[in-house]
Amino acid sequence: GWLEGDVPELVCERYLAPLAALEISSLVLGCTHYPLLGAAIRKVAARLSGDGLVVVDGAEATADELSTLLSERAITTSRSGEGAFALEVTDLPGRFAEVAGRFLGRSVEGLGVTQVDL
């Protein structure tokens with residue numbers, strides 16, 4: 001749960017220092033939890049490699065590409081009003097709800113998180 005401050009920055013430095021030594025030009029945040037640490041990662045990456053290092057949020061880039069694809073194919077919805085929303089997870093529902101709340105910036109507790117087996 002530590003997303004800001006000395007501890008996450010020290011962790012970021014430990015993992016980013018070897019990459020900075022390789023003089024990489026871009027860093028892709030490919031895992032789902034990296035956006036939570038995005039500010040710390042960007043701060044440490046800039047300190048280690050300068051402002052020239054491009055940090056790409058994989059989730060954001062994917063959303064941008066999906067938006068472009070939907071627009072190019074003229075895929076839209078004519079619905080108005082609120083839609084249905086279901087959360088089905090393979091993780092423990094309570095744990096997922098806690099983490100999802102961090103990502104979304106609001107609680108998902110009342111949305112009915114259901115555990116499923118794949």
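The values are calculated or read from the model by the stated rules, or taken from the named source; none is laboratory data. Keep in mind that this is a model prediction, so the values were computed, not measured. Using ideal geometry, Cβ is built from the backbone for each residue, glycine included, and neighbour counts are taken over all protein chains shown. When the accessible area is computed, the model is the full protein with side chains, heavy atoms only, and any ligands, DNA or RNA have been set aside. Shrake-Rupley method; radii C 1.70, N 1.55, O 1.52, S 1.80 Å.
Only strands (runs of 3 or more DSSP E) whose full extent lies in the range 25-118 are considered here, and the ones with at least 1 residues that are farther than 30 Å from residue 14 by Cβ are 87-89, 113-115.
It is to be established whether one or more residues within the range 61-73 are surrounded by 10 or more Cβ atoms within 10 Å (Cβ to Cβ) and touching a helix residue (DSSP H, G or I) at 6+ places or on another chain (Cβ under 9 Å). For the range 61-73, residues surrounded by 10 or more Cβ atoms within 10 Å (Cβ to Cβ) and touching a helix residue (DSSP H, G or I) at 6+ places or on another chain (Cβ under 9 Å): absent. Scanning the range 38-56 for residues that are in contact with a strand residue (DSSP E or B) (Cβ under 7 Å, 6 or more places away or on another chain) and of a type in the set (A, V, I, L, M, F, W, C) gives 41, 45, 53, 54, 55, 56.
Annotation note: of 25, 49, 107, the sole residue that is of a type outside the set (D, E, K, R), in contact with a Gly (Cβ under 8 Å, 6 or more places away or on another chain) and either in contact (Cβ under 8 Å) with a residue 12 or more places away in the chain or open to solvent by 90 Å² or more (accessible area, probe 1.4 Å) (or both) is 25. Screening 99, 113 for residues that are in contact with a helix residue (DSSP H, G or I) (Cβ under 7 Å, 6 or more places away or on another chain), surrounded by 14 or more Cβ atoms within 10 Å (Cβ to Cβ) and at pLDDT below 90 leaves exactly one candidate, 113. Is it fair to say residue 23 is among the acidic types (Asp, Glu) and modelled with pLDDT of 90 or more? Considered against the rule, which asks whether it is among the acidic types (Asp, Glu) and modelled with pLDDT of 90 or more, residue 23 comes out as yes.
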